[in-house]
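**Q** Following this message is one structure expressed as structure tokens.
Just so it is clear, none of the values below were taken in a lab; they were calculated from the coordinates. What you see is a predicted model; the values in this text were computed from it and never measured. Note that we place each Cβ from the backbone using ideal geometry, even for glycine, and neighbour counts take in every protein chain shown.
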Amino acid sequence: MFAHPARSWVSQVLLLAASLCVALPAAAQQAAAPHMRVAVVDTQRAVMETEDGLRLQATLKKLFDSRQRELDKKQEDLQKEREDIDKQKDTLSKGVLAKRFDKWQREMVQLQQVFVEYNKELQKKQNELTQPIFQKAMGIIRRLATQDGYDVVVDKQAVPYVRSDLDVTDKVITLYNQGAPGDAGDAKAAPAGATPKQLTPPALTPPAAPK
């Protein structure tokens, strides 16, 4: 029987790949220069805690639960079939028993393939839904930097310590939810130090071998 993963998968949801505006070493040097205004943003939270980001997570959770239930049902059916084969192994002929077992093995392989396909589906759906949210959030960050006179915006994950007054994440989320327009610049530009990563979808529980 499959067990649903904990809600921690939500916190593992990462951002779409994005090219860096400024390399981290250069950003660090600029931050140390006099009269340089620096802001910090938690890029992942700035995307996933917007109203659109929360709806995205709910949509993915609904799809995940649906696919997990399907896998659970298939797993239960195959488990019952295997138990029935074991019960009749002394009453069925070797030929009939071999055919039933071969059929069961093929169905187990098919279930493994379904599991792989469902994970790919979740990955694709997550990427599709996150892309527009990410682009809009990046546009708002660029506009905020221009309006408030920040020379560089650094991703919070790229630095070991940040003064709380430099963090503009909550402001970005508020502006996003208020429908603020973003900067129409390079849609792929991200805060300096943001590491390009692939999204990690919620992990389905793989089919387990029968006991």
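**Q** Would the stretch 91-99 turn up any residue that is within 30 Å of V153 (Cα to Cα) and either touching a Pro at 6+ places or on another chain (Cβ under 9 Å) or not small (G, A, S) (or both)?
**A** No, every residue in the stretch 91-99 fails to be within 30 Å of V153 (Cα to Cα) and either touching a Pro at 6+ places or on another chain (Cβ under 9 Å) or not small (G, A, S) (or both).
**Q** When residues of the stretch 158-168 are filtered for being closer than 19 Å to E49 by Cα and surrounded by 18 or more Cβ atoms within 10 Å (Cβ to Cβ), how many remain?
**A** Residues that pass the stated criteria total 1.
**Q** Let me ask another. Tell me whether the stretch 41-52 contains one or more residues that are hydroxyl-bearing (S, T, Y) and surrounded by 13 or more Cβ atoms within 10 Å (Cβ to Cβ).
**A** Yes, the conditions are met somewhere in the stretch 41-52.
**Q** Moving on to the next point. Looking at the stretch 98-112 only, could you name the residues that are loosely packed, with under 12 Cβ neighbours inside 10 Å and either acidic (D, E) or not in a helix (DSSP H, G or I) (or both)?
**A** If the condition is that a residue be loosely packed, with under 12 Cβ neighbours inside 10 Å and either acidic (D, E) or not in a helix (DSSP H, G or I) (or both), then D102 is the only one that fits.
**Q** Pick from R67, R55, R82, R45: which is within 25 Å of L175 (Cα to Cα), of a type in the set (K, R), assigned to a helix (DSSP H, G or I) and in contact (Cβ under 8 Å) with a residue 24 or more places away in the chain?
**A** When all the criteria are applied, what remains is R45.
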